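The values are calculated or read from the model by the stated rules, or taken from the named source; none is laboratory data. Since the model is a prediction, treat every value here as computed from it, not as a measurement. Neighbour counts run over all protein chains shown; Cβ positions are idealised from the backbone, glycine included.
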Amino acid sequence: MGGHRGRHGTRAAVTLCAAAALAAPLVLGAASAAPATDGPARQGAREPSVLDCAARPEVRPGAFLLACGDANSRLVSLHWARWDARAAVGQGVNQVNDCVPYCAVGTFRSYPVTVRLDSPDERSHFTRISLTYSGERPAGAPRTVSYPLPG
């Protein structure tokens, strides 16, 4: 290996990696507009599922990205006590970027939550998620917050 790559070669590699990381949410967001047409959840059994950022059905996911565009809010360490045709209920942690002083250098804070998925559509995809914070919660967030999900 030529040992004279120096700072410029390293800087270029870091720049390429950063550009790829920034482009990934845009690609995922574009993919979520097109519904998936294959896979076991689409071909028979109507096991309830939740669509991820790439419009793929997930059953009992261990993690779930809430902010597909910028990845600044995600659920991790999910454990499901209920998962049936009407609703799913579990416990986990909501990791939220505090964006201080701005999101690119913010700190992810962890908040324990109870997660509920419900309102399944005709394809058995849950179309609403509710988070109930059991202790501390992100600044300005109510104790329970609900979001629509793509169906």
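For the list (1) surrounded by 15 or more Cβ atoms within 10 Å (Cβ to Cβ); (2) modelled with pLDDT of 95 or more; (3) not acidic (Asp, Glu), I need the number of the one condition that residue 68 fails.
Only one criterion is unmet by residue 68, namely (2).
Across the range 56-110, what is the total count of residues that are among the small types (Gly, Ala, Ser), in contact with a strand residue (DSSP E or B) (Cβ under 9 Å, 6 or more places away or on another chain), over 20 Å from residue 144 (Cα atoms) and in contact (Cβ under 8 Å) with a residue 24 or more places away in the chain?
So the count comes out to 3.
Suppose we filter the range 66-89 for residues that are under 15 Å from the mean Cα position of the chain (by Cα) and acidic (Asp, Glu); how many remain?
1
Just name the residue that is farthest from residue 119 (Cα to Cα) out of those in the range 130-151 that are of a type in the set (Gly, Ala, Ser) and surrounded by fewer than 15 Cβ atoms within 10 Å (Cβ to Cβ).
Taking the range 130-151 first, the residues of a type in the set (Gly, Ala, Ser) are 130, 134-135, 139-141, 146, 151.
Of the ones still in play, those that are also surrounded by fewer than 15 Cβ atoms within 10 Å (Cβ to Cβ) are 134-135, 139-141, 146.
On the way: 134: 23, 135: 26, 139: 28, 140: 26, 141: 23, 146: 12 Å.
The residue in question is 139.
Could you check the range 90-138 and list, in sequence order, the residues that are closer than 22 Å to residue 56 by Cα, within 16 Å of the chain's Cα centre (by Cα) and small (Gly, Ala, Ser)?
Within the range 90-138, 90, 92, 130 qualify.
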